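Q: I am attaching a structure below and will ask some questions about it afterwards.
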Amino acid sequence: MHKYHRAVSWLGLTGITLAFNAGVIAEPSQEDASTRPAEFIYSANQAAHNVSGYRVDSQSGRLTPLPGSPYQSGHFPVSIVSSHDGRFVYATNQGSSSVSAYHVNAQSGALVAMPGAPYDVGAYPDAISITPDDQFVYIASENDNLITPYRIDTLTGSLQPAGKPAATGAHPISITVSPNGRFVFVSNFDGESINSYRINTSDGSLTPVTVGAKTDPHPIYIAVTKDNRYAYIANYGTASVSAFRIDPDTGALNEIPGSPFIAGSQPYSVTVDPSNRFVYVANWGSHNVSAFTLNQATGALAEITGSPYATQWFPYAVVVDPRDEFAYVADNGNGTISAFRINPESGALNKLPGSPFAAELGPYALTMSSAHSR
């Protein structure tokens, strides 16, 4: 993928909207909203060179900008992640070869830049991921074809170089750490493949396990099920999603029968809901989201009735909130975030009232954080 290609995809498109599929909106949970932990969503806005933050309304799913939002980043932020304890947020700045780092206000969710940040990293950092114990961060540098580990200071959140960098395939564009913290998976955009690595928990270094598990052309985002059994990869070069079974002992990848599965045009992002029952894919080229049921016995995907669901222009990222009630999509072309309620039985998506919500120019990557873990 050419550098900064994403920075121009929104030009001339602001204000253009698409129709959404209609549907019955499921009733909100009867759980007392006052007892629910606060949830926040953060967006790396590539064209605006900043990060925006929102509070998620626990009943309606509506987004409200956080105090001080948007927050300054480096140039062309294209990946963002929050620590699992909800205290820190990190964004890779592709144009500045750096990582912005922020403290999260536990009450408001507002971001405050860390002293010393942004941190210099390898040329053109394209992706970032954090281990479940919040000990290590991994950053992919597309020009260097490397993944570099950094140790997170548990008190300050600052980043320090850790273990030895690991070689990748051609143009590493996405990194995902498995939920059990044992393995790292990297997509090679120009290599049509996925690499897997075993994590050394003492220094964060990586040992190659699978080099070049074959995908369709131009794989990008990777999603791993919460039970660590399956990995799904959005293939931007075709209208497909590759699916693999993960060896629980080695982390090796074995493509499952029926893979790759058909999605929309130029799928960019893929995510699995917290229940491991549904998979959602943001289709950049067809301006919509494909929704699938996940066969937990086989890992196979079956498209949900009513899918795909219309978004705004050029959706890049899709995420699901920790309570498994809402899905959010970064509409890079419109400078908005589309929001949907998830039908808890079918996985179907229904547009939320007020969606899409205003964002900054070029929202590209999203991450969610919950206050309960702080």
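The values are calculated or read from the model by the stated rules, or taken from the named source; none is laboratory data. Predicted model only: the values in this text are computed from it and were never measured. Note that each Cβ is placed from the backbone with ideal geometry, even for glycine, and that neighbours are counted across all protein chains shown.
Q: If you go through the stretch 184-213, how many residues are in contact with a Ser or Thr (Cβ under 6 Å, 6 or more places away or on another chain) and among the charged types (D, E, K, R)?
A: Summing the residues that are in contact with a Ser or Thr (Cβ under 6 Å, 6 or more places away or on another chain) and among the charged types (D, E, K, R) in the stretch 184-213 gives 2.
Q: I would also like to ask the following. Please go through (1) in contact with a Phe, Trp or Tyr (Cβ under 9 Å, 6 or more places away or on another chain); (2) on the phi > 0 side of the Ramachandran plot for Tyr232 and return the number of the only condition it doesn't satisfy.
A: Among (1) in contact with a Phe, Trp or Tyr (Cβ under 9 Å, 6 or more places away or on another chain); (2) on the phi > 0 side of the Ramachandran plot, the lone unmet condition for Tyr232 is (2).
Q: While we're on this one: Starting from residues that are of a type in the set (A, V, I, L, M) and crowded, with 19+ Cβ neighbours inside 10 Å, keep the ones in the stretch 87-107 and report whichever is nearest to Tyr268 (Cα to Cα). Walk me through how you get there before you give the answer.
A: Initial filter on the stretch 87-107 (of a type in the set (A, V, I, L, M)): 89, 91, 99, 101, 104, 106.
Right, trim to crowded, with 19+ Cβ neighbours inside 10 Å and you get 89, 91, 99, 101, 104.
On the way: Val89: 22, Ala91: 18, Val99: 22, Ala101: 25, Val104: 28 Å.
Here the answer is Ala91.
Q: Pairs needed: first member in the stretch 31-56, closer than 19 Å to Tyr102 by Cα and in a loop (DSSP other than H, G, I, E, B); second member anywhere, of a type in the set (Phe, Trp, Tyr) and at pLDDT 90 or above; C-beta distance under 9 Å; at least 6 residues apart or different chains.
A: Gln46/Phe76; Gln46/Tyr316; Gln46/Tyr364; His49/Phe76
Q: Are there any strands (runs of 3 or more DSSP E) wholly within the stretch 279-357 with 2 or more residues that are among the aromatic types (Phe, Trp, Tyr) and surrounded by 18 or more Cβ atoms within 10 Å (Cβ to Cβ), and if so which?
A: Details: elements: 288-294, 301-303, 315-320, 326-331, 336-342, 349-351.
The qualifying strands (runs of 3 or more DSSP E) are 326-331.
Q: Does any residue of the stretch 46-55 turn out to be under 22 Å from the mean Cα position of the chain (by Cα) and modelled with pLDDT under 95?
A: Taking the stretch 46-55 first, the residues under 22 Å from the mean Cα position of the chain (by Cα) are 46-55.
Then keep just the ones that are modelled with pLDDT under 95; that gives none.
For the stretch 46-55, residues under 22 Å from the mean Cα position of the chain (by Cα) and modelled with pLDDT under 95: absent.
Q: Still on this model: Mind telling me which of the residues Ala110, Ala117 ends up being of a type outside the set (Ser, Thr, Tyr), over 25 Å from Val177 (Cα atoms) and surrounded by fewer than 24 Cβ atoms within 10 Å (Cβ to Cβ)? Please lay out each step first, then the result.
A: Values: Ala117 fails: over 25 Å from Val177 (Cα atoms).
Just one listed residue meets the conditions, Ala110.
Q: Every residue in the stretch 128-172 that is in contact with a Leu (Cβ under 8 Å, 6 or more places away or on another chain), in a strand (DSSP E or B) and surrounded by fewer than 16 Cβ atoms within 10 Å (Cβ to Cβ), please.
A: Hit for the stretch 128-172 is Ala167, nothing else.
Q: When only residues in the stretch 84-104 that are in a loop (DSSP other than H, G, I, E, B) and hydroxyl-bearing (Ser, Thr, Tyr) count, which is nearest to Ala127 (Cα to Cα)?
A: Ser97
Q: Working only within the stretch 214-239, note down all residues that are surrounded by fewer than 22 Cβ atoms within 10 Å (Cβ to Cβ) and of a type in the set (A, V, I, L, M, F, W, C).
A: Correct list: Val224, Ala239.
Q: Within the stretch 67-86, can you find the residues that are over 22 Å from Tyr316 (Cα atoms) and either buried (at least 20 other Cβ atoms within 10 Å of the Cβ) or in contact with a Gly (Cβ under 6 Å, 6 or more places away or on another chain) (or both)? I'd like the intermediate steps shown before the answer.
A: Here is the first cut: in the stretch 67-86, the residues over 22 Å from Tyr316 (Cα atoms) are 67-68, 84-86.
Scanning the stretch 67-86 gives a single hit, Gly86.
Q: Still on this structure: Test each condition in (1) in contact with a His (Cβ under 9 Å, 6 or more places away or on another chain); (2) not in a strand (DSSP E or B) for Pro67 and report the one that comes out false.
A: (1)
Q: Looking at the structure I just gave you, is Ile342 of a type in the set (A, V, I, L, M), within 28 Å of Ala91 (Cβ to Cβ) and out of contact with any Ser or Thr (no Cβ under 9 Å at 6 or more places or on another chain)? Let's see the steps before the verdict.
A: Values: of a type in the set (A, V, I, L, M): yes; within 28 Å of Ala91 (Cβ to Cβ): yes; out of contact with any Ser or Thr (no Cβ under 9 Å at 6 or more places or on another chain): yes.
So Ile342 passes the test.
Q: Can you confirm whether Ile152 is at pLDDT 95 or above, within 20 Å of Val272 (Cβ to Cβ) and within 22 Å of the chain's Cα centre (by Cα)? Write out each step before concluding.
A: Working: at pLDDT 95 or above: yes; within 20 Å of Val272 (Cβ to Cβ): no; within 22 Å of the chain's Cα centre (by Cα): yes.
The answer is no for Ile152.
Q: Shifting gears a bit: If the Cβ limit is 7 Å and pairs must be 6+ apart or interchain, which residue in the stretch 96-125 that is farther than 10 Å from Leu159 by Cα and of a type in the set (Phe, Trp, Tyr) pairs with which residue that is modelled with pLDDT under 95 and in a strand (DSSP E or B)?
A: Tyr124/Ser141
Q: Examine the stretch 262-273 for a residue that is assigned to a loop (DSSP other than H, G, I, E, B) and either closer than 30 Å to Asn200 by Cβ or out of contact with any strand residue (DSSP E or B) (no Cβ under 9 Å at 6 or more places or on another chain) (or both), and state whether such a residue exists.
A: Going through the stretch 262-273, the residues assigned to a loop (DSSP other than H, G, I, E, B) turn out to be 263-266, 273.
Next, only the ones that are either closer than 30 Å to Asn200 by Cβ or out of contact with any strand residue (DSSP E or B) (no Cβ under 9 Å at 6 or more places or on another chain) (or both) stay: none.
No: the stretch 262-273 contains no residue that is assigned to a loop (DSSP other than H, G, I, E, B) and either closer than 30 Å to Asn200 by Cβ or out of contact with any strand residue (DSSP E or B) (no Cβ under 9 Å at 6 or more places or on another chain) (or both).
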